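Data block below; observations after.
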Amino acid sequence: MESPAAQLRVLKDSRFTSFWFGSLFSNIGSWMQSVAEPWLLLAIGGSAFLLGLDAFALNAPFWALALAGGFLADRKSRRLIIFLFQGIQMFCPVAAIVLVILGWVKPWMIIGLSLIVGTPFNLICLAS
C-alpha cells in the first residue's frame, strides 16, 4: 500500500486537480440544493405530495434517459457533455434564486427546475 504522500502525488496533474475540485464544488452545490429546495417548497406553501413530486422530478429522468446517455457517451465528447450539462445544472438554482428575490416563485416552477436539473445530471452519470 502506498503512503499518503505518494497517493497525493496525483494532485500534481493539473487536469485531475481541476476535475477533482470542480466535482467537489458541483457536489457541494447539489447537496445544498437538495436541502434548500424542499425547504423552499414548504415555505411557499407546498405539501408533502409536492415534496414527493419534486424528488420524483429530480430522479425520474434516469429511467427515460438511459439509452440517450449511452448514445451520447458513444458518439459525443464526454468533456463537452459534462461542460454543457453542468452549465444547465448551474443555471437552474440561479433561476430559482431570481424567482425568490422577485417574489414570483411558485411550487410548479421549483418542480420544473428540478426536472430540468435531473435531466442533465442523469445524462452526465450515464455518459461518464
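Residues in the stretch 18-32 that are closer than 24 Å to Leu99 by Cα and surrounded by fewer than 16 Cβ atoms within 10 Å (Cβ to Cβ): Phe25, Asn27, Ile28, Gly29, Ser30, Trp31, Met32. Evaluated against (1) modelled with pLDDT of 90 or more; (2) farther than 17 Å from Leu115 by Cα, Leu51 falls short on exactly one condition, (2). Among the residues of the stretch 69-119, those identified as open to solvent by less than 70 Å² (accessible area, probe 1.4 Å), of a type outside the set (A, V, I, L, M, F, W, C), in a helix (DSSP H, G or I) and out of contact with any Phe, Trp or Tyr (no Cβ under 7 Å at 6 or more places or on another chain) are Gly69, Gly70, Gln86, Gly87, Pro93, Pro107, Gly112, Ser114, Gly118, Thr119.
Could we say that Gly29 is of a type outside the set (S, T, N, Q), in contact (Cβ under 8 Å) with a residue 60 or more places away in the chain and not in a helix (DSSP H, G or I) here? No. One residue is enough: does the stretch 44-51 have a residue meeting the conditions open to solvent by 50 Å² or more (accessible area, probe 1.4 Å) and under 29 Å from Phe19 (Cα atoms)? Taking every residue of the stretch 44-51 in turn, none turns out to be open to solvent by 50 Å² or more (accessible area, probe 1.4 Å) and under 29 Å from Phe19 (Cα atoms).
With respect to Gly45, determine if the residue is out of contact with any strand residue (DSSP E or B) (no Cβ under 6 Å at 6 or more places or on another chain) and either of a type in the set (D, E, K, R) or under 27 Å from Ala96 (Cα atoms) (or both).
yes
Here's the yes/no breakdown for (1) open to solvent by 60 Å² or more (accessible area, probe 1.4 Å); (2) in contact with a helix residue (DSSP H, G or I) (Cβ under 9 Å, 6 or more places away or on another chain); (3) closer than 17 Å to Pro93 by Cα; (4) not hydrophobic (A, V, I, L, M, F, W, C):
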residue	(1), (2), (3), (4)
Lys12	yes, no, no, yes
Phe16	yes, yes, no, no
Ser34	yes, yes, yes, yes
Glu37	no, yes, yes, yes
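The values are calculated or read from the model by the stated rules, or taken from the named source; none is laboratory data. Nothing here was measured: the structure is a model prediction, and the numbers come from that model. Neighbour counts run over all protein chains shown; Cβ positions are idealised from the backbone, glycine included. Quick note on the areas: whole protein, heavy atoms, side chains included, nothing else; ligands and nucleic acids left out. Shrake-Rupley method; radii C 1.70, N 1.55, O 1.52, S 1.80 Å.
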